[in-house]
1. With θ set to phi - 60°, apply the Karplus curve 6.51 cos²θ - 1.76 cosθ + 1.60 along the range 50-55 and write out the HN-Hα couplings as whole Hz, x wherever there is a Gly or Pro.
2. Which of 40, 151, 29 sits farthest toward the positive end of the charge dipole of the chain, with +1 on the Cβ of Lys and Arg and -1 on the Cβ of Asp and Glu?
3. Can you tell which of 110, 52, 86 lies farthest toward the positive end of the dipole of the chain, using +1 and -1 charges on the Cβ of basic and acidic side chains (Lys, Arg; Asp, Glu)?
4. DSSP beta bridges in the chain, what fraction antiparallel, as a percent rounded to 5?
5. Give a residue-ordered list of calculated ³J(HN,Hα) values for the range 29-39 (Karplus: 6.51 cos²θ - 1.76 cosθ + 1.60, θ = phi - 60°; whole Hz; x for Gly, Pro).
6. Can you give me the convex hull volume of the Cα atoms of the chain, divided per residue and expressed in Å³?
7. Under unit Cβ charges (Lys, Arg +1; Asp, Glu -1), what dipole magnitude, rounded to 20 debye, does the chain have relative to its Cα centre?
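Laboratory data are not the source of any read-out in this text; all were calculated from the coordinates shown. Only a predicted model underlies this, so the values are computations on that prediction, with no experimental measurement involved. Glycine also receives a Cβ, built like all others from the backbone with ideal geometry; neighbour counts cover every protein chain displayed.
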Amino acid sequence: MTTHPGIVLVFGDITDQDADAVVNAANSSLLGGGGVDGAIHRKGGPEILAECRALRAGHYGKGLATGQAVATTAGRLAARWVIHTVGPVYQASSSDPSLLASCYRESLKVADELGARTVAFPAISTGAYGWPMADAARIAVEAVRDAITSVEEVRFVLFDEEAYRTFAQRIRSS
Ligand code: AR6
């Protein structure tokens with residue numbers, strides 16, 4: 001069935017999620033980094049990086065563009081797939097919210113292609129990329145709410161209390 005997904009909030013670590021797919025807040029190199037990206041590669045093991053390297057050697061020679069998404073194995077994680085997406089870097093005067101919304105939409109599109117029914121997202125762009133949490137939460141919740149997808153459950157996995165509270169407030173008020 002294709003409809004809007006249900007939304008669940010979790011206070012925790014994305015690498016612990018038992019979802020069909022977990023989303024990585026990656027960078028365009030697809031070759032790892034800190035934050036969510038570092039945690040996923042550390043816990044998921046070298047198989048994920050090997051597939052990322054293969055993507056770079058093939059269709060993604062120039063890397064993954066901001067707002068796009070692509071899947072690999074999840075290696076040793078409980079999930080079956082990691083969907084890598086690249087959030088926009090926040091710049092106070094010229095940040096484009098549609099690129100952040102695109103990360104959620106494109107990740108759900110990839111999830112549909114895979115047949116994933118449960119997908120766990122971190123708060124993309126709110127760490128190293130500096131997007132203010134309240135604005136990022138609004139964009140994330142709206143993008144997921146409006147998506148037409150076969151994904152049944154979207155889990156936002158928030159790493160600290162402030163992020164959890166901000167997402168909870170946004171869901172209540174929209
Ligand atoms: N589980 C859930 N959320 C987490 C975890 C975790 N294990 N670790 C951090 N967060 P970030 P970005 C939260 O920096 O802003 C990387 O180096 C964190 O508190 O992971 O999109 C990539 O390679 C924050 O709220 O992603 C890129 O270069 C949110 O997840 C760059 O950082 C996102 O923080 C991407 O930056």
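1. The phi angles translate into 4, 5, 5, 4, 5, 5 Hz.
2. Most positive-ward Cα: 29.
3. 52
4. On the way: 6 of 24 bridges.
If we restrict to bridges inside the chain, about 25 percent are antiparallel.
5. The phi angles translate into 5, 6, 9, x, x, x, x, 4, 4, x, 5 Hz.
6. Hull volume over Cα atoms, normalised by residue count, gives 99 Å³.
7. Values: 16 positive and 19 negative charges, 44 e Å.
For the chain, the charge dipole is close to 220 debye.
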